1. Of GLY244, ASN392, PHE24, whose Cα points farthest to the positive end of the dipole of the chain (charges on the beta-carbon: +1 Lys, Arg; -1 Asp, Glu; origin at the Cα centre)?
2. With each label point set 7 Å from Cα along the Cα-Cβ vector, what nm distance links LYS18 and LYS360?
3. Considering only DSSP beta bridges with both partners in region 271-455, what is the antiparallel share in %, to the nearest 5?
4. Just from its helices, what would the mean residue ellipticity at 222 nm be for the chain, if runs of 4 or more DSSP H residues each count -39500 (n - 2.57) and the sum is divided by every residue, rounded to the nearest 500 deg cm²/dmol?
5. For region 271-455, just say rounded, prolate or oblate: build the C-alpha gyration tensor, square-root its eigenvalues into a ≥ b ≥ c, call rounded for a/c under 1.5, and beyond that prolate if a/b exceeds b/c, oblate if not.
6. Of the beta bridges DSSP finds with both residues in the chain, what % are antiparallel, to the nearest 5?
7. As a test of reading the structure, rank GLU209, GLU95 by solvent-accessible area (1.4 Å probe, protein chains only), most first.
8. Hey, can you grab everything whose amide H is under 5 Å from the amide H of LEU46? Only 5+ residues off in sequence or another chain; H modelled, so Pro and N-termini drop out.
Amino acid sequence: MATDIKSDKLATANDLSKMSYGNFINGKWVKSVTGKTFTSYNPANLNLSLGTFASSDITDVNNAVEAANNAFKSWRKTPAPVRAEIILKAGYLLETRKEEIAQIMVQEMGKVIKEARGDVQEAIDMAKYMAGEGRRLTGQTVPSELPNKFAMCVRSPMGVVGVITPWNFPIAIPSWKIFPALVSGNTVVIKPASDTPLCAIKFVEILAEAGIPDGVINLVTGSGSVVGMGLVDHPLVRAISITGSTDIGSRVAGRCGELMKKISCELGGKNAICVMDDADMELALEGALWGAFGTAGQRCTATSRIIVHEKIYKEFCHEFKAITSSLKIGNGLNPDVAIGPVINKEQLHSINKYVEIGKKEGATLLYGGNILNTGEFANGCFHEPTIFSDVNSKMRIAQEEIFGPVTAIMPVKNFAQAIEVANSTEFGLSLSMYTQNVNKAFSAIEELESGIVYINAPTIGAEIQLPFGGIKKTGNGHREAGTTAIEQFTEWKTVYIDYSGRLQKAQIDSFEDLEN
Ligand code: NAP
């Protein structure tokens with residue numbers, strides 16, 4: 001079904017628009033039973049498409065889950081180191097096809113080419129890391145309170161796992177979920193974001209090429225409410241892993257709660273960099289620029305607030321405006337471009353709506369604020385990088401996730417107020433402190449309420465060998481990446497082996513009684 005674009009011939013928009021893709025079920029590309037399709041558009045130029053994709057319904061979901069459930073029987077029995085070999089091979093294939101996939105990603109969701117390569121690299125790193133996990137998947141052994149009795153905990157795979165992913169890291173995020181799920185012995189059905197189906201298809205193609213058995217990985221494209229919720233509701237789906245907005249994540253988590261399913265959520269953020277008066281100013285400016293406007297601000301970890309000590313506030317605002325004005329906006333395939341388009345028209349208008357809200361709330365529009373829609377920007381979804389200053393924590397632009405190239409500079413009197421303001425949102429993903437003072441740095445690590453804390457670095461830039469995730473409304477206590485990734489996709493099984501040859505009663509028989 002998916003006629004491949006070979007890696008020796010880099011994708012061009014013209015090649016891509018002619019393609020039509022189906023679902024991947026039981027090792028085959030198949031059409032949706034609906035016969036309906038949707039189109040994925042290039043946000044840098046909405047006249048260009050990335051092809052048409054299956055607009056699936058619940059029958060497609062059922063077929064995929066059944067295939068995954070059948071495949072689970074033998075996949076769970078496949079030794080973990082053998083499962084890991086396939087994941088490692090997928091990592092090497094991703095390496096071979098890195099440039100091709102990165103170029104598709106730029107065209108499908110707009111991030112600039114350097115960042116797209118980084119997105120693919122994250123998946124390569126995750127493949128290698130999770131392949132190593134195939135020879136660990138550690139359990140626990142602890143002493144028994146009774147003699148001649150052995151006690152241990154082992155990990156069991158769960159069965160069919162439903163994976164629901166967003167568009168902003170269209171290769172990395174599927175890899176954070178799918179590789180640990182597979183190495184743990186689960187089978188997977190993925191429903192990718194409708195804005196980036198092609199990236200997910202490329203990811204699944206690679207797993208197929210790496211030799212994943214039929215039914216172990218399945219992909220169904222279509223809407224969140226039909227395909228996504230269909231997965232959540234399916235009785236054979238034992239766990240759901242979703243990354244997306246807090247609104248959708250909480251709906252999915254609520255339903256999983258009713259159905260008693262394991263659910264891990266990675267959701268929205270309202271991240272902040274704090275810049276103290278003793279900070280290395282140049283470093284802080286550079287970090288804030290990258291944190292606020294990398295991926296056009298469309299990262300869950302984007303720096304959407306910059307909390308600055310009043311002693312350096314004026315200077316910081318002045319310098320930050322100056323460096324922001326030097327950023328080149330355009331098509332992310334141009335290596336000189338720093339800010340690409342945002343994902344779609346709806347998001348573009350939602351971002352600009354927040355600019356209007358900020359103005360009405362009395363914040364100072366220091367730079368930008370406009371949609372770009374003339375000349376080279378005429379057919380795309382481009383928004384100027386935008387800076388508000390004089391923002392306080394009561395304003396909506398300081399509380400709500402905007403998910404675009406908009407950041408708010410907030411003055412504070414001292415370190416204590418910086419921490420208070422940083423912690424003042426309902427989110428808790430990534431917070432950062434710029435200071436040269438070691439005491440302040442360690443206090444910040446202790447006081448900042450977030451799953452990720454950076455010192456003298458921006459809020460973005462996580463590494464895959466460490467846990468990733470947030471607190472408060474950013475998540476529900478799970479962590480992706482690192483060794484903690486495995487927790488989402490395994491159940492603990494506690495095993496007692498009594499080799500005494502008699503009935504020994506825990507908490508009732510004492511060691512002394514049993515000795516006599
Ligand atoms: P989204 O609109 O919440 O969508 C996320 C996924 O959920 C998509 O695949 C979507 O499908 C699906 N979905 C939509 N409605 C659903 C429903 N009723 N039931 C089940 N699934 C449903 O988020 P997004 O716009 O793609 O991504 C941006 C958001 O993700 C931001 O809030 C960002 O902060 C967050 N994010 C968080 C992290 C993290 O690790 N914390 C990382 C990256 C992104 P459709 O595309 O078909 O609607």
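The values are calculated or read from the model by the stated rules, or taken from the named source; none is laboratory data. Nothing here was measured: the structure is a model prediction, and the numbers come from that model. Here the Cβ positions follow ideal geometry from the backbone for every residue, glycine too, while neighbour counts run over all protein chains shown. Please note that ligands, DNA and RNA were not included when accessible areas were found on the heavy atoms of the full protein model with its side chains. Shrake-Rupley method; radii C 1.70, N 1.55, O 1.52, S 1.80 Å.
1. Sorting the options by dipole projection puts first PHE24.
2. Each label point is offset 7 Å from its Cα along the Cβ direction, giving 4.9 nm.
3. Looking only at bridges with both residues in region 271-455, the antiparallel portion is about 20 percent.
4. -11000 deg cm²/dmol, from helical runs alone.
5. Note, shape of region 271-455 comes out prolate.
6. 40 percent
7. GLU209, GLU95
8. The list, which skips near neighbours in sequence, is GLY380.
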